[in-house]
Amino acid sequence: MDGEELTEQETALYDRQIRVWGANAQRRLTKAHILVSGIKGTVAEFCKNIVLAGVGSVTLMDDRLVNEEALNANFLILPDENAYSGKTVAEICCESLKDFNPMVRVSVEKGDLSTLGTNFFEQFDVVVIGYGSRATKKYVNEKCRKLVKRVAFYTVDCRDSCGEIFVDLQDYKYMKKKLEETVECELNFPSFQEAISVPWKPIPRRTAKLYFAMRVIEVFEESEGRKHGECSLLDLARVLEIKKQLCEANSVSESHIPDSLLERLITGTTEFPPACAIVGGILAQEVIKAVSGKGDPLKNFFYYDGEDGKGVMEDISNSFTS
């Protein structure tokens, strides 16, 4: 990603942010290739931010045809039925993003992520999975980890006013200012499979309840063959049953996961735009840090709950059991 120097046009366009994070960081950004799958409200915010930041290219994957549900919180899709008739979400969002920054190459890739081989992901520096199933997140993360090059992997999920970000940078080195000098730091990240397989009992009770609640929802959707967000209040009894099973299997009290939180997650399947802006902004910030190699990265989960307005970072790894 180190490549050529910035052009005069790039230097002029990105002058303000170059003053913030430097020309070398901006140069890395302009050479970065990012794959984004699943474009709803939070991911639309993320895409807008990285395109404005001046990444090299963004490839979009979302074969859903645009309908009324797709309009929810996604400002990249204009509410004009004649403009999007017969087009996919990725196609419409691609057209909108090109207007934000013509210097960024935005394109569409069709297909199902879960059928793509390892070589497909080799062309990217960052992969972001929005609103994916647990199986898809595991599959893509595994493919990225098999590559010789390091591909930064992220997942993001937003339901109602709650959001979750997962980060896997594998073995990651970055520069950090410490007092009067700049030092090199290194972090080792677990895979998505490793992070969600950590036994619950050793995890501190102060850990965000959303971590456990999201795992329950993932298991529910997978066991019932549901797509992301295909749930309602009618499913609450089954969701609570799965919660009980998971709590018993992990030898923790059911109070670990409030019933009221699970009810919010299965009934508020649409996104709350202010939460989208916050979670999408955090995700963009993390991707920019990972690409530029500057600043402490998020390790390895981030949670936001609009009810209390708090955002927390949680490091969930096997260190709890060692």
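The values are calculated or read from the model by the stated rules, or taken from the named source; none is laboratory data. Remember, it's a predicted structure, so these values are computed and weren't measured experimentally. Positions of Cβ are generated from backbone atoms using ideal geometry, with glycine treated the same way; all protein chains shown enter the neighbour counts. Just the protein is used for accessible areas: all its heavy atoms, side chains included, with ligands, DNA and RNA removed. Shrake-Rupley method; radii C 1.70, N 1.55, O 1.52, S 1.80 Å.
Some observations on this one:
- Contact order relative to length of region 195-267, as percent, for alpha carbon pairs under 8 angstrom and 6 or more apart: 44 percent
- Reported label for calculated percent of Cα pairs over 23 Å apart given (i) 66; (ii) 73; (iii) 58: (iii)
- Nearest-20 debye value, the chain charge dipole, Cβ charges on Lys, Arg, Asp, Glu: 800 debye
- Here region 204-243 is treated as a Stokes sphere of Kirkwood radius computed over C-alpha pairs; at 4 °C and 1.567 mPa s its diffusion coefficient rounds to 121 µm²/s.
- Anisotropy class of region 50-133 from Cα gyration tensor, a/c 1.5 cut: oblate
- Relative contact order (percent, whole number), the chain, Cα cutoff 8 Å, 6+ residue spacing: 20 percent
- Residues 137, 209, 201, sorted by accessible area with the largest first, give 201, 209, 137 [1.4 Å probe; ligands and nucleic acids excluded].
- When the solvent-accessible area of region 112-191 is split by element, carbon and sulfur atoms take up 45 percent of it, the probe being 1.4 Å.
- Spatially proximal aspartates and glutamates relative to residue 177 (Cα-Cα < 20 Å; intrachain offsets below 8 disregarded): 186, 286, 296
- Links that overshoot a 22 Å alpha carbon limit, given the list 48/173; 31/98; 176/299; 40/227; 176/289: 48/173
- Per residue accessible area in Å² of the chain, where ligands, DNA and RNA are left out and the probe is 1.4 Å: 46 Å²
- With 5 Å bins beginning at zero, the pair-distance distribution over Cα atoms of region 195-267 amounts to 3, 16, 33, 25, 15, 7, 1 %.
- To put it simply, the accessible area of region 195-267 at a 1.4 Å probe is 52 percent carbon and sulfur.
- Centre-to-centre, using Cα atoms only, region 121-161 and region 225-263 are separated by 25 Å.
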